[in-house]
1. Do the conditions hold for A:Glu261, that is, is it more than 11 Å from chain B (Cβ to nearest Cβ), open to solvent by less than 20 Å² (accessible area, probe 1.4 Å) and of a type in the set (D, E, K, R)?
2. If you check A:Tyr279, A:Tyr274, A:Tyr200, which single one turns out to be surrounded by fewer than 24 Cβ atoms within 10 Å (Cβ to Cβ) and either within 30 Å of A:Glu111 (Cα to Cα) or free of Cβ contacts under 8 Å to residues at least 60 places away in the same chain (or both)?
3. In segment B:285-341, how many residues are farther than 25 Å from B:Cys271 by Cα, free of Cβ contacts under 8 Å to residues at least 40 places away in the same chain and under 29 Å from the mean Cα position of the chain (by Cα)?
4. For segment B:185-222, how many residues meet the condition of being among the hydroxyl-bearing types (Ser, Thr, Tyr) and assigned to a strand (DSSP E or B)?
5. Which residue, of A:Val92, A:Val14, is of a type in the set (A, V, I, L, M) and crowded, with 20+ Cβ neighbours inside 10 Å?
6. Could you tell me whether A:Ser349 is open to solvent by 10 Å² or more (accessible area, probe 1.4 Å), of a type in the set (Ser, Thr, Tyr) and touching a residue at least 24 places away in the same chain (Cβ under 8 Å)?
7. Could you grab the pairs with beta carbons closer than 8 Å, sequence gap of 6+ or different chains, first residue in segment A:218-233 and within 14 Å of A:Ala176 (Cβ to Cβ), second one small (Gly, Ala, Ser)?
8. Can you pull out the residues in segment B:177-188 that are surrounded by fewer than 24 Cβ atoms within 10 Å (Cβ to Cβ) and without any contact (Cβ under 8 Å) to a residue 60 or more places away in the chain?
Number of protein chains: 2
Amino acid sequence: MALKDAKAGTRNEVGIAAVLGILKQSFGERFQTGQSFREQHAHTTTYIPPQLPDGVLFAESAEDVKAAVNACATHKVPVIGFGVGTSLEGQVNAANGGISIDFSRMNRVLEVNPEDLDCTVEPGVTREALNIHLRDTGLFFPIDPGANASIGGMASTRASGTNAVRYGTMKDNVLAVTAVTANGEEIRTARRARKSSAGYDLTRLFVGAEGTLGILTSVTLRLQAIPQKIAGGACAFPSIKAACDAVIMTIQMGIPVARIELLDTVQMRACNAYSKLSYAESPTLFLEFHGTDETVPLQSAAFAEIAAECGGGEFLWTANAEERTKLWKARHDAYWAARALAPGLAALSTDVCVPISRLADCVSETQADIEEHGLLGPIVGHAGDGNFHVLLLFDDKSTEGVAVAEAFVQRLNRRALAMDGTCTGEHGVGQGKMAFLEQELGGAVDLMRQVKQALDPDDIFNPGKIFHHG
Amino acid sequence: MALKDAKAGTRNEVGIAAVLGILKQSFGERFQTGQSFREQHAHTTTYIPPQLPDGVLFAESAEDVKAAVNACATHKVPVIGFGVGTSLEGQVNAANGGISIDFSRMNRVLEVNPEDLDCTVEPGVTREALNIHLRDTGLFFPIDPGANASIGGMASTRASGTNAVRYGTMKDNVLAVTAVTANGEEIRTARRARKSSAGYDLTRLFVGAEGTLGILTSVTLRLQAIPQKIAGGACAFPSIKAACDAVIMTIQMGIPVARIELLDTVQMRACNAYSKLSYAESPTLFLEFHGTDETVPLQSAAFAEIAAECGGGEFLWTANAEERTKLWKARHDAYWAARALAPGLAALSTDVCVPISRLADCVSETQADIEEHGLLGPIVGHAGDGNFHVLLLFDDKSTEGVAVAEAFVQRLNRRALAMDGTCTGEHGVGQGKMAFLEQELGGAVDLMRQVKQALDPDDIFNPGKIFHHG
């Protein structure tokens, strides 16, 4: 996709050469400059074209990170953190070249404090690895963005996903980070207390900064008790509006749903075909309830009443783990089912988020837009948060196909912004949403620029992301 | 108290005179420079001596705020927001003189969106006024710091209070703010979507900044459904350790307590005397449960089991509103009960917060400290967060009394920091905790300074708070 914001900036060739020399000398085999390593560390997961770093450091400690940042700071060379590369808006691209710091070897769980429901991990720990590690403690880390992302990447993009409606996003679940800043020193943003009003909220400043203010070296996370009982459910509705009304009533009544996901008719059709299911091909809510033997049936019954009131079909639910997996299969396979609608086409996963009172309007208008333009774009939403994704299937090989996709994304974002929504609920800005961020927040983006200029005056940390300078 | 951090800075006499002239001209009677107005807008609620502003503007709109900030920016004169003056660490003192902006006339609820569970208010709306306004919507704003504080002040100090354990702090409940920044323009930090990953988290940067980065002109808040059923309970324990063990188990089991407050023996004795009650004079937990007719008894029963396991006495609980008020009377009157222990003495309310695994240690060591030094200081804790307050009663008329109190606060903070805690869970830094913030976060405070320098290069916004410059 000929994305304007992903154009290459100015490369500091002299500086890059110097840093390559220093890091080769210091790290030997742990610093790689081969083409395949460089390709693996550029953007690969979606439509934004890759921009390769000049070298990849496989960091093993905060000391390694400090050494790399110091070299890059001295020579004013870009430095970009890399978790597992699942970001969707070009966050790991090296727009001006530079060094990628790969965190796959910084994957230790440093401490778990079961009494405090917290843990501290290195940035390369993936969420699945963390939950395996925690299994015997009775605790889990709830944030689930779908992909098996790294905790450092999730913190940096302010990730969330299906159960943010119950457990919040990364902003709510990161207690503190350590980060190497532009002067090459490691700072810690907060202590391990569950709350604090001690000065500026630097933790939340790093969460969502997409690596533009420093490189994370550890993340302290809040954990949750594994619910005694988990149940799943699904319910079809005659319209997007009816489904969204059920969502709003559920939230207004304070039913603590753990997940409440909306799949539109096109997506349901794709799921039936792909996973050989026989769901009604109409807008469907998938739910999950977390609680106890006593409370989960109460939650389910309360939702069933709401669903009936909103014209929903039969509410299927189960507390049996195997049956729940089966019931949720459509939702779990949604991405691959959608891709299978048009195996020859590329997929562009884009997200917006609106106040939930506007979700039905925003989804319906987007469906009409898709139909009017003859596009193919199933919709899946984290309905409890007003957040939804369109997986637009488009021809990335033709100029026209790319232009059509780009125009769609623009209309989608303009629509969400007109409804007091945001251009991204959970994917971040990266390179893909820079223009929309300006439309969304106007003068506030100047404050972001001032913060960036203050903390990273030479623009070494992940340059060319979130906003343009100057 | 001869607090070193509260010393006056340099006054810009020429600039102040110019701004007084401009604001008198523009605002007439709405701008006051009389001694009594100035005294009412300096710090009054605790031990830190007052430092008076030179004039008080009774702002009625964001335009008024812009005019005042523009005048102050032009002449490099301090400007300090003032809600109702309940902050505890000298936040509203005019260390270098300047202008206080009083928000008591900016007290409109601008909009309520029941379907989205949010509202937008002017900064001068108090939390009680907001909840009265919301009564018919079935929604409420949960944060309760005790005092009937203004929403602008609560946002600025990152306030929390008794039910943060369930509903979070101001950081979790502010969706967006508008603020007038150093260039005199009003910015908006976020849209009304429930979540966003669009750029730096400016909302969280303003929440807790204590008015040092700009002046808030509106705050958008998340609201909660009023629970169908509320129950209260109280249970005495043989020791602080036993009570804290019950708290930890409650949190670990995921029982969604709405409040879980710890009162120590001295405080319970004070409450019995003051409110003519007959509670056991031993460490006591006061609880509140929010839910439905079905879930509240389940929560209460689950806690009762834990309490018994930890050696607690009888767990009294009730879902009757009147009885609940009676049961909670001791907690509600705790402050006045404590003051009544020594009516001739001044009271210093100070707070720290530690990981909950260390709460019992921190409280017990603090009790031993109090005893060892012959002090009087009842302890009340928001136990579910590891946050507790000491209300130190001391003689503020004698140099020795002040020195004794100051030394106690230093030991308390050192103790909390040694346990990976924070020097303030909810009061903020203001002037009172500046030295401890440096001890707590070290190099991270330099980042705060860089942010402040970038957003407020002339240091006009509430100077002399949170950290020293240069």
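The values are calculated or read from the model by the stated rules, or taken from the named source; none is laboratory data. In this text, all values refer to a predicted model and were calculated from it rather than measured experimentally. So basically every Cβ, Gly included, is an ideal-geometry build from the backbone, and we count neighbours across all protein chains shown. Areas reflect the complete protein model, heavy atoms only, side chains present, ligands, DNA and RNA absent. Shrake-Rupley method; radii C 1.70, N 1.55, O 1.52, S 1.80 Å.
1. Working: more than 11 Å from chain B (Cβ to nearest Cβ): yes; open to solvent by less than 20 Å² (accessible area, probe 1.4 Å): yes; of a type in the set (D, E, K, R): yes.
So A:Glu261 passes the test.
2. Values: A:Tyr274 fails: either within 30 Å of A:Glu111 (Cα to Cα) or free of Cβ contacts under 8 Å to residues at least 60 places away in the same chain (or both); A:Tyr200 fails: surrounded by fewer than 24 Cβ atoms within 10 Å (Cβ to Cβ).
Result: A:Tyr279 is the single residue among A:Tyr279, A:Tyr274, A:Tyr200 that is surrounded by fewer than 24 Cβ atoms within 10 Å (Cβ to Cβ) and either within 30 Å of A:Glu111 (Cα to Cα) or free of Cβ contacts under 8 Å to residues at least 60 places away in the same chain (or both).
3. So the answer is 0.
4. At the first step, the residues of segment B:185-222 found to be among the hydroxyl-bearing types (Ser, Thr, Tyr) are B:189, B:196-197, B:200, B:203, B:212, B:217-218, B:220.
So of that shortlist, the ones also assigned to a strand (DSSP E or B) come out as B:217-218, B:220.
Adding up the residues that qualify gives 3.
5. Numbers: A:Val14 fails: crowded, with 20+ Cβ neighbours inside 10 Å.
Testing whether each residue is of a type in the set (A, V, I, L, M) and crowded, with 20+ Cβ neighbours inside 10 Å leaves just A:Val92.
6. Details: open to solvent by 10 Å² or more (accessible area, probe 1.4 Å): yes; of a type in the set (Ser, Thr, Tyr): yes; touching a residue at least 24 places away in the same chain (Cβ under 8 Å): yes.
Here the answer is yes, as A:Ser349 does meet what is asked.
7. Correct list of pairs: A:Ser218/A:Ala62; A:Val219/A:Gly152; A:Val219/A:Ala155; A:Val219/A:Ala176; A:Thr220/A:Ala176; A:Thr220/A:Ala190.
8. Matches in segment B:177-188: B:Ile187, B:Arg188.
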